[in-house]
Amino acid sequence: MRVSLAQWLELSDFDVTVYADARDALGDMTSDFAGVVLTDVKMPKMDGISFTKSVLATDGDIPVILMTGHGDVPMAVEAMKSGAYDFVEKPFEPKDIVESLERAIEKRRLVIENRQLRRQIAHRGSLDGRLIGNSKQMYALKEEIANIAATEVPVLISGETGTGKELVARAIHDLSDRRDEKFVAVNCAAIPESTAESELFGHEKGAFTGAAGQRIGWIEHAIKGTLFLDEISSMPLALQAKLLRVIEQREVVRVGSNSPVKVDFRLICATNENLTDAVSARQFREDLMFRINTFELAITPLRDRTDDIALLFDIFAERAAERFERPYDRPAPSLIGQLKKHEWPGNVRELKNLAERYVLLVGSPEDRFQRLFKGGFDLAEPVATALALADQVKHFEERLIRDALDRHDGNVKSVMEELDIPRRTLNEKMKKLNIRRDKIV
Ligand SMILES: Nc1ncnc2c1ncn2[C@@H]1O[C@H](COP(=O)(O)OP(=O)(O)OP(=O)(O)O)[C@@H](O)[C@H]1O
Ligand SMILES: [Mg+2]
């Protein structure tokens, strides 16, 4: 019956795995099992009811359909109460079971999809604390990170200096299933060409003059974890060929050795140069580029997402004030608004540095800004007062709401009570200020 039912189901386009022993099937059950279990009740070794219970203990949302003999119906009903999805009474026509299977598979698909979404939302939330910025570019970037972190695909992060490439690489690692393993960061521009090979790939004792002992390379250090190759375009061509081999074969051969070592790592690379240009200039291997850029995250320079500047300045200054135990005189929004005119060649790193220096200086905010920009700062520019006030109010409101949501773990009701505003007003304000509850939760 097992064999003929399997054939019938395969003809109806189901992907079927048959087991003669329920215990073998249990060994293959995981919480991300994407299918449905169809089982008899009376079976040798392990009966269908205990099997159902064990499957549901693995994941209570796996649909289990029982095939029951004539007198077993009360038992099947009992099983349904403890979480089985459905039962069919024997004898039955195979087609009778198809509909139930299809419904169960669809339900399972929705459960899995839902879990993935939840995981993404949770990731988004934790990303907001690390990657500051609400501009649409930052928002999209965070969405992409949450989306690909849990996958194993190699990621290439591109962006100018100081845009946060390393920060993004670490965020991907911390949101991936490798989060408890090592994150090994190697700056390809900082290792001298003469030792780069043995630093990356390792060497055996006596491999070359001066190789007194064995050395485990960075790639082997990253086993099970994430290998972050920063400034990948600076890697010498000879090493690029060797790296390509490691990525393709998933094994590394230490200098002076003949036996390869299996390596399993997630690869993240970063570059502040355009790799395609480097390929055209014959400084970078095209085949390697295609291996590492399966997924590319391009970080927008700060001058092209000026919406992030005020928030970044504010948070950096606030943190610096806490660290240096200084008061933080928040500059007026009109003053911060002036920061948008700067080019920010050093991007976020430059802004962070400036915010810290601001906190350490004394004098009025205007004075300090003048000094930070060595007088090259245009404060004479008239700023519409009404706009500045509106900006100021908006900013203040945003902080109050965010703080309250934070304190109440995203519980809107408690926030309404604390701020004494009706739900609709709060919803409208959150929408207007682009505050999302799920991000805070
Ligand atoms: N969105 C952001 N939110 C908070 N901090 C940020 C953000 N972007 C960058 N930073 C901070 O700016 C500094 C520079 O970031 P990071 O070192 O990741 O840049 P990078 O792109 O690797 O630069 P480089 O190319 O010079 O190595 C770090 O202190 C980082 O924490
Ligand atoms: Mg960097």
Quick check: is even one residue across segment 3-26 touching a residue at least 60 places away in the same chain (Cβ under 8 Å), outside any helix (DSSP H, G or I) and of a type in the set (D, E)?
no
Subset of segment 184-207, residues open to solvent by less than 40 Å² (accessible area, probe 1.4 Å), assigned to a strand (DSSP E or B) and under 17 Å from C269 (Cα atoms), comes to V184, V186
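What do you reckon, is T276 within 28 Å of the chain's Cα centre (by Cα), of a type outside the set (D, E, K, R) and within 16 Å of ligand 1 (Cβ to nearest atom)? Spell out the reasoning first.
Working: within 28 Å of the chain's Cα centre (by Cα): yes; of a type outside the set (D, E, K, R): yes; within 16 Å of ligand 1 (Cβ to nearest atom): no.
It is false that T276 is within 28 Å of the chain's Cα centre (by Cα), of a type outside the set (D, E, K, R) and within 16 Å of ligand 1 (Cβ to nearest atom).
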Test: R124 is surrounded by 14 or more Cβ atoms within 10 Å (Cβ to Cβ) and either assigned to a loop (DSSP other than H, G, I, E, B) or touching a Pro at 6+ places or on another chain (Cβ under 8 Å) (or both):
no
Within the set of pairs 6+ apart or on separate chains, which have a first residue in segment 154-183 that is over 20 Å from E350 (Cβ atoms), a second that is away from ligand 1 (no atom under 14 Å from the Cβ) and part of a strand (DSSP E or B), and C-beta atoms under 6 Å apart?
P154/L267; V155/F295; L156/E296; H173/T226; R178/T226; R178/R266; F183/T226
Only one of these conditions is not met by E160: (1) near ligand 1 (Cβ under 8 Å from one of its atoms); (2) outside any helix (DSSP H, G or I); (3) within 10 Å of the chain's Cα centre (by Cα). Which number is it?
(3)
Of all residues making up segment 243-283, the number that are open to solvent by less than 70 Å² (accessible area, probe 1.4 Å), touching a Leu at 6+ places or on another chain (Cβ under 8 Å) and either assigned to a loop (DSSP other than H, G, I, E, B) or of a type in the set (D, E, K, R) (or both)
2
Of the criteria (1) loosely packed, with under 15 Cβ neighbours inside 10 Å; (2) in contact with a Phe, Trp or Tyr (Cβ under 8 Å, 6 or more places away or on another chain); (3) assigned to a helix (DSSP H, G or I), which one V153 fails:
(3)
Look at M80 and say whether it is outside any loop (DSSP other than H, G, I, E, B), farther than 19 Å from V3 by Cα and touching a Leu at 6+ places or on another chain (Cβ under 9 Å).
yes
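Return the only residue of G133, G125 being under 30 Å from L433 (Cα atoms), within 16 Å of ligand 1 (Cβ to nearest atom) and touching a Phe, Trp or Tyr at 6+ places or on another chain (Cβ under 9 Å). Can you show your working first?
Numbers: G125 fails: touching a Phe, Trp or Tyr at 6+ places or on another chain (Cβ under 9 Å).
Of the residues listed, the single one that is under 30 Å from L433 (Cα atoms), within 16 Å of ligand 1 (Cβ to nearest atom) and touching a Phe, Trp or Tyr at 6+ places or on another chain (Cβ under 9 Å) is G133.
The values are calculated or read from the model by the stated rules, or taken from the named source; none is laboratory data. What you see is a predicted model; the values in this text were computed from it and never measured. Don't worry about glycine lacking a Cβ; one is built from the backbone with ideal geometry, like all the others, and counts go over all protein chains shown. The protein model used for the area step is the full one, side chains on, heavy atoms only, and it has no ligands, DNA or RNA in it. Shrake-Rupley method; radii C 1.70, N 1.55, O 1.52, S 1.80 Å.
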